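Written out below as structure tokens is the structure these notes cover.
Read the figures in this text as sums done on the coordinates, not as results from a lab. Keep in mind that what you see is a predicted model, and the values were worked out from it rather than measured. Here Cβ is always computed from backbone atoms with ideal geometry, including for glycine, and neighbour counts include all displayed protein chains.
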Amino acid sequence: MQYDWKKIINSQKESTLTVKEFCRQNNICLSSFYKSKRRLENDELQSDLFVPVEVVDDAHPNVSMTIDGHCIEFDPALLDRIIGALK
């Protein structure tokens, strides 16, 4: 039988019953309750370790060069058009 442990654990938290009493009244094995609670807590900790990031596809990074301490950056597409115009 599958239990919705998150719902069960939240129900126990919202009740005024101890875990032991809650489990007894709901015919839940006490060790299963604690095992499932620990597993859910670990899952939540694991999910907090990862932060979603937005991946930006920048297939054409800027071209840059430094001359006498001055940095010049070019958009590759623009640089390509300028070189093409000079040919």
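What about Y3, is it assigned to a loop (DSSP other than H, G, I, E, B), in contact (Cβ under 8 Å) with a residue 12 or more places away in the chain, surrounded by 10 or more Cβ atoms within 10 Å (Cβ to Cβ) and under 28 Å from the mean Cα position of the chain (by Cα)?
Spelling it out, Y3 is indeed assigned to a loop (DSSP other than H, G, I, E, B), in contact (Cβ under 8 Å) with a residue 12 or more places away in the chain, surrounded by 10 or more Cβ atoms within 10 Å (Cβ to Cβ) and under 28 Å from the mean Cα position of the chain (by Cα).
Among what's in region 32-87 and is farther than 30 Å from K6 by Cβ and of a type in the set (V, I, T), pick the residue that is surrounded by the most Cβ atoms within 10 Å (Cβ to Cβ). First the steps, then the outcome.
Residues of region 32-87 farther than 30 Å from K6 by Cβ: 55-87.
In the following step, the residues that additionally are of a type in the set (V, I, T) were identified as 55-56, 63, 66-67, 72, 82-83.
Numbers: V55: 5, V56: 5, V63: 13, T66: 8, I67: 7, I72: 10, I82: 10, I83: 9.
Once the filter is applied, the top-ranked residue is V63.
Only residues that are in contact with a strand residue (DSSP E or B) (Cβ under 7 Å, 6 or more places away or on another chain) and in a helix (DSSP H, G or I): list them for region 30-87, please.
Looking only at region 30-87, we keep the residues that are in contact with a strand residue (DSSP E or B) (Cβ under 7 Å, 6 or more places away or on another chain), and these are 62-65, 71-74, 76, 79.
Answer for region 30-87, where residues must be in contact with a strand residue (DSSP E or B) (Cβ under 7 Å, 6 or more places away or on another chain) and in a helix (DSSP H, G or I): P76, L79.
Can you give me the number of residues within region 10-28 that are of a type in the set (S, T, N, Q), touching a residue at least 12 places away in the same chain (Cβ under 8 Å) and assigned to a loop (DSSP other than H, G, I, E, B)?
Here the count works out to 1.
List the residue pairs whose Cβ atoms are under 9 Å apart, where the first residue sits in region 76-87 and is closer than 15 Å to N62 by Cα, the second is surrounded by 10 or more Cβ atoms within 10 Å (Cβ to Cβ) and of a type outside the set (K, R), and the two are 6 or more positions apart or on different chains.
Pairs found: P76/H60; P76/N62; P76/V63; A77/H60; L79/V63; I82/F74.
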